[in-house]
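No value in this document is a laboratory result; all are computed from the given coordinates. Worth saying up front: this structure is predicted, and the values here are computed from it rather than measured. Cβ placement follows ideal geometry from the backbone for every residue including glycine, while neighbour counts extend to all protein chains displayed.
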Amino acid sequence: MKNWVAVCILSFVLTGVSWAKEDALTASEDAGIVAIRQSLPMSIESVTAAQWVGPALIRKETNPVLKIQVNTAGALNPMQVASVTIGTDGTTDLNDIELVRFFFTGGRGDFSPEQEFGSAQRPSSRITFSGQRTLTEGVNHFWVSYKLKDTADLLHRVDAACLEIAFVGQDGGRKIVRDVVSPPAIKRIGYSIRDAGDDGVPAYRIPGLVATNQNTLIAVYDIRRHGMADLPGDIDIGMSRSTDGGQSWEPMKVIMDMGVPHNRNGVGDPSILVDRSDNTLWVAALWSKGSRGWAGSGPGMTPDETGQMMLVKSTDDGKTWSSPINITPQIKDSRWRLLLQGPGNGITMRNGTLVFPAQFKDENNVPHSTLIYSGDHGRTWAIGTGAKSKTTEAQIVELNNGLLMLNMRDDRGGSRSVYTTADMGKTWQEHPTSRSALPESVCMASFIRFSSVKDGDPRDILLFSNPAVTGGRQNITIKASMDEGMTWPERYYKRIHEPGSAGYSCLTKIDNNTVGILYEGGTTALLVFEKFRIDEIVAD
């Protein structure tokens, strides 16, 4: 009975009223209540712009550098965007940019190059894109994108701002919004060393990076031929080489391949070091024959029982590489379920000892970070004891007092563990900063010494990079310590990549003024290289 009454009342209220087809009409059977919503002519509620911390990359066709969001209300007589004017004043050098393009993604908040607005244009201080794009009610997203020249300077920046956006209505009325405020965010120029699909490979991961005695940059990484999954899998170790400070890179070479391709046989997680006495390059990696990766490896010594720790070396500055060398019998305890390196890079100590960070899973399947070392330039290797349980991927530096500092991924989450040793890992001491100074979820990180001279005075800086969050893997940040790792002041933090990614990174000193980093950039590119003047990080 009450439903019939509600319908009668509604019929009376609507008598003589004309409604557009876009109107909404809802009723509640229980309460007998009818809600009526009439659509209104579209209006522009707000126009905002945003940038995020992350690079624009050489070798990428599109690099979104600015997002413009148009919020509308009402669906009747929808308005159109007729033109958008962009400014480039924050760009170091317009000659770094080849093309400027403008895209529309509608309600999607992530970038896509599927719908272009206007025509691609050459860079200038002021660029206007003209077209017709009908807006929808709610949120509408537009993007400014740059394609960089191969010669773009890696120490430069690019920028974009929305100077003006013009809207037209169906009645011919115009609305102009000018000088849309965008919070500042530095868009540096980087290099896409590896991306999905390069050389027909869907995925690349696990960056390692060093600068040789001849100032050649050597990058190593997993070539993951069947996707992003870890070992076991069809994975080889790849290498890219640069002789001009990272400005350009030679074609990829495969430097470790353990045999006939098979989806359960591969070698991965590389770590690289330079023997500073003779410029020999060493790369360590884990060979998983069959299912002998992190989960499937067991006790024993043979490749059919347990993962194998392999090395390759180069004595000609990375141009050619040796066949794989198996050092598992020298350093693994047969009771352990797995032994492998800590991915990233190793070091040469002041006395010439070569040191790789390492990790093992003991007979109870509990992981421990440790180190392996060679006092005879790689002919033989020895191993330390576990520094701490439930730690894995680590990096290492030699302190000025002669101690080795091991900076470890900790499965407990929240922060890095830090221990030191005075006897090559026979015994370990917890550092005062352990589990407090360097926040992290659970991820790999990089840790190096940067020694240089400024104004005639020597300075020693410790540099660290990781996703600086306790959950997820976003906000890759470089941090600096000027007191041998005792403090990490916030004024020496440099966030370089804001969006989430796989999060691994590797730092290296390029020269007395410059540091390089190779990291996993997620949707930006799978492996990104950037470089920075050290004074950008430790500016007084």
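Mind giving me the FRET efficiency for His226 and Asp304? R0 is 22 Å, r the Cβ-Cβ distance, nearest 0.05 is fine.
Computed FRET efficiency for His226 and Asp304 comes out at 0.50.
Just subtract the alpha-carbon distance of Asp199 and Trp52 from 0.36 nm times their residue separation and send over the number in nm, one decimal.
Once the chain is fully extended between Asp199 and Trp52, it gains 50.0 nm.
Using Cβ counts within 10 Å as a stand-in for footprinting exposure, how do His156, His368 rank, fewest first?
Result, fewest neighbours first: His156, His368.
Using the beta-carbon distance between Thr315 and Ser112 and R0 = 45 Å, what value does 1/(1 + (r/R0)^6) give for FRET efficiency, to the nearest 0.05?
After rounding to 0.05, the efficiency reads 0.45.
Just round it to a whole percent: the fraction of Cα-Cα distances in the chain exceeding 41 Å.
When every Cα pair of the chain is considered, 34 percent fall beyond 41 Å.
With each pseudo-label sitting 7 Å past Cα toward Cβ, what's the Thr243-Val181 distance in nm, one decimal?
Result for the modelled spin labels: 5.2 nm.
Take each of the peptides 214-220, 522-528, average the number of other beta-carbon atoms within 10 Å over its residues, and list them starting from the highest.
Highest to lowest by the protection proxy: 522-528, 214-220.
Under a Cβ-only charge scheme (Lys and Arg +1, Asp and Glu -1), can you give me the dipole magnitude of the chain about the Cα centre, in debye to the nearest 20?
That gives a dipole near 340 debye.
Listing Leu404, Leu518, Leu40 from the residue with the fewest other Cβ atoms within 10 Å to the one with the most, what is the order?
Leu40, Leu404, Leu518
From the backbone phi of the range 389-397, what are the Karplus-calculated ³J(HN,Hα) couplings (6.51 cos²θ - 1.76 cosθ + 1.60, θ = phi - 60°) in whole Hz, Gly and Pro given as x?
After applying 6.51 cos²θ - 1.76 cosθ + 1.60, I find 6, 6, 10, 9, 5, 10, 9, 9, 9 Hz.
Starting from the Cα of Met482, step 7 Å toward the Cβ, then list every residue of the range 438-461 with an amide N under 12 Å from that point.
459-461
Assuming R0 = 45 Å, can you tell me the calculated FRET efficiency for the pair Ala120 and Asp511, based on Cβ-Cβ distance, to the nearest 0.05?
E(calc), rounded to 0.05, equals 0.75.
Which order do the peptides 55-64, 102-111 take when ranked by the mean count of other beta-carbon atoms within 10 Å per residue, highest first?
Result, highest mean first: 55-64, 102-111.
Quick one: which of 298-304, 529-535 comes out on top by average Cβ neighbours within 10 Å, and what's the full order, highest first?
Ranked by mean Cβ neighbours within 10 Å, highest first: 529-535, 298-304.
Give me the distance in nm between label points sitting 7 Å out from Cα along the Cα-to-Cβ direction at Asn213 and Arg157, one decimal.
3.9
Excluding residues fewer than 8 places away in the same chain, name every one of the lysines whose C-alpha is closer than 16 Å to that of Lys361.
Lys332, Lys388, Lys390
Quick check on the exposure proxy: order Arg416, Arg126, Arg473 from fewest to most C-beta atoms within 10 angstrom.
Arg126, Arg473, Arg416
Can you tell me how much longer the chain between Ser323 and Asp257 gets when fully stretched, taken as 0.36 nm per residue apart minus their C-alpha distance, in nm with one decimal?
Stretched out fully, the Ser323 to Asp257 stretch lengthens by 22.9 nm.
Can you tell me the 0 to 90 degree angle between the C-alpha axis of helix 2-14 and the longest principal axis of the chain, rounded to 10?
Approximately 70 degrees, to the nearest 10.
Under a point spin-label approximation (7 Å from Cα along Cα-to-Cβ), what is the Gln429-Asp535 distance to one decimal in nm?
3.7
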